[in-house]
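See structure below.
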Amino acid sequence: MTIRVVLVDDQEMYRLGFHMLLESQDDVELVGEADDGTTAVELLAGVEADVVLMDVRMPRMDGIEATRRIVGGSGGGRTDGPAGGSGPRVLVLTTFDLDEYAFEAIRAGASGFLLKDTGLEELMAAIRHVHDGDAVMAPSTTRRLIERFAARPTPAPDVESAPLDGLTSRESEVFLMLARGFPNDRIARELSIAEGTVRIHVGRILGKLGLHDRSQAVVLAYESGLIRPGER
């Protein structure tokens, strides 16, 4: 399956470099480029895309707001999003390894957050993972996010249980494993169910909780106290 990619960056040098990298991959088709968030949203209104590589700091509309609009369906692209949105999946790429960008990108609906100096093999793996519905985060950012959650006080019990309201007992089990970063095959083994059944559960969980993908599920679980740093 060919992954249709749109590249969004205000710096021509970065666009040219990523363009060359993407064009060298047999399973990737570069279907469009944009130099700011406004142009990206307009482009995606008429272009079918699976993954958007999104810069953060750009003129007119930054990458966070563009991500929010694209994932929410203001752009074009996928029609099979887990939360019912019609936007493609967004992988944020930035030169700035700052926590606030990572938090805002995830809350806006991004499926991943990587630095622009990421190697080709890691970048392509991230694009494929995001296309398949997984979440991707730069290791340095992940470490600091966990440390940030670890420093927070433990939420009250009524807050802890709130995110699971509306989920069945099986969906609650899958959600907690999902929030711990377990892939579908491991969840299937742990619960002795088929991997296809896990995918169905994941889609229903994300839809019920109003989440775009796994990365938002992880953040919700940590912020609610359902999962604490160091738990497995």
Tell me the accessible surface of GLU65 in square angstrom (1.4 angstrom probe, heavy atoms of protein chains only), to the nearest ten.
60
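What is the gain in length, in nm to one decimal, between THR197 and SER24 on full extension, counting 0.36 nm per residue of separation less the C-alpha to C-alpha distance?
On the way: separation 173, 0.36 × 173 = 62.28 nm, distance 3.54 nm.
Stretched out fully, the THR197 to SER24 stretch lengthens by 58.7 nm.
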Just the accessible area for ASP55, please: 1.4 Å probe, Å², rounded to the nearest 10?
10
In the full protein assembly as shown, how much of THR2 is accessible to a 1.4 Å probe, in Å² to the nearest 10?
70
Using a 1.4 angstrom probe with every protein chain in place, what is the largest-first accessible-area order of VAL218, VAL92?
VAL218, VAL92
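The values are calculated or read from the model by the stated rules, or taken from the named source; none is laboratory data. Because the structure is a prediction, the values reported are computed rather than measured. With ligands, DNA and RNA removed, areas are computed over all heavy atoms of the protein, side chains included. Shrake-Rupley method; radii C 1.70, N 1.55, O 1.52, S 1.80 Å.
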